Amino acid sequence: MQQAIETLSISTKGQGFYEFTRALRDFVTTADISTGLVTVFVRHTSCSLLIQENADADVQTDLGGFFNRLVPDGMDWLEHTTEGPDDMPAHIKSALTQTSIGIPVVDGAPVLGTWQGLYLFEHRRKPHRREVVLHIIGER
């Protein structure tokens, strides 16, 4: 078994989806592992990770709109408000999605569907620099 690890830095411009499928593919190629598992983990509590369609930007628009309706900013009954009206809603959105994703690697590539992309889902309104850890384990 072989392993490799890398930390990506993703700059966001506020709420939205930031695709980093290419960085994942490059990492897997560089790791030179033919068969294994790559784990993707985001080191924050107010953003999350998604595998989602990358062919039509309307998908991201609709998902963002859905989550903003489901968990709107400024809910006046929340206790945790010291970091702004979007902070606790961002934590809730993160809890409803995921901060870690496992993706099989076969023939030296992540096994993603034709229209699937890997996204950082930023829940805060202001720009942030997010760290995403990639870890792969497998065989050549």
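A few notes on this one:
- The sole residue among Gln3, Gln15 that is at negative phi, surrounded by fewer than 12 Cβ atoms within 10 Å (Cβ to Cβ) and modelled with pLDDT of 95 or more is Gln3.
- The range 13-30 - residue that is of a type in the set (D, E, K, R) and not in a strand (DSSP E or B) and, of those, nearest to Asp107 (Cα to Cα): Arg25
- In the range 74-90, the qualifying residues are those that are within 18 Å of Lys126 (Cα to Cα) and loosely packed, with under 12 Cβ neighbours inside 10 Å, and the one that is modelled with the highest pLDDT is His80.
- Scanning the range 99-130 for residues that are farther than 23 Å from Val28 by Cβ, exposed (fewer than 14 other Cβ atoms within 10 Å of the Cβ) and touching a strand residue (DSSP E or B) at 6+ places or on another chain (Cβ under 8 Å) returns Pro127, Arg129.
- Lone qualifier among Ile10, Ile33, Ile5 - being part of a loop (DSSP other than H, G, I, E, B) and closer than 22 Å to Val105 by Cβ: Ile33
- Yes/no for Leu96 being exposed (fewer than 14 other Cβ atoms within 10 Å of the Cβ) and either at pLDDT 95 or above or among the hydroxyl-bearing types (Ser, Thr, Tyr) (or both): yes
- Just one of the numbered conditions (1) under 30 Å from Ser34 (Cβ atoms); (2) among the aliphatic types (A, V, I, L, M); (3) surrounded by 15 or more Cβ atoms within 10 Å (Cβ to Cβ) is not true of Val71: (1).
- Lys126 being within 24 Å of Ser9 (Cα to Cα), of a type in the set (Lys, Arg) and touching a His at 6+ places or on another chain (Cβ under 9 Å): no
- Hits in the range 26-68 - residues which are β-branched (Val, Ile, Thr) and either surrounded by 16 or more Cβ atoms within 10 Å (Cβ to Cβ) or in contact (Cβ under 8 Å) with a residue 24 or more places away in the chain (or both): Val28, Thr29, Thr30, Ile33, Thr35, Val38, Thr39, Val40, Val42, Thr45, Ile51
- Neighbours by Cβ (under 8 Å, 6+ apart or cross-chain): first from the range 1-15, touching a residue at least 24 places away in the same chain (Cβ under 8 Å) and within 18 Å of Arg25 (Cβ to Cβ); second surrounded by 12 or more Cβ atoms within 10 Å (Cβ to Cβ) and hydroxyl-bearing (Ser, Thr, Tyr): Ile10/Tyr18
- The numbered conditions (1) hydrophobic (A, V, I, L, M, F, W, C); (2) assigned to a helix (DSSP H, G or I); (3) more than 25 Å from Arg129 (Cα to Cα) are all true for Ala55 except (2).
The values are calculated or read from the model by the stated rules, or taken from the named source; none is laboratory data. Keep in mind the model is a prediction, meaning the values are calculated, not measured. Backbone-built Cβ (ideal geometry, glycine too); neighbour counts: all protein chains shown.
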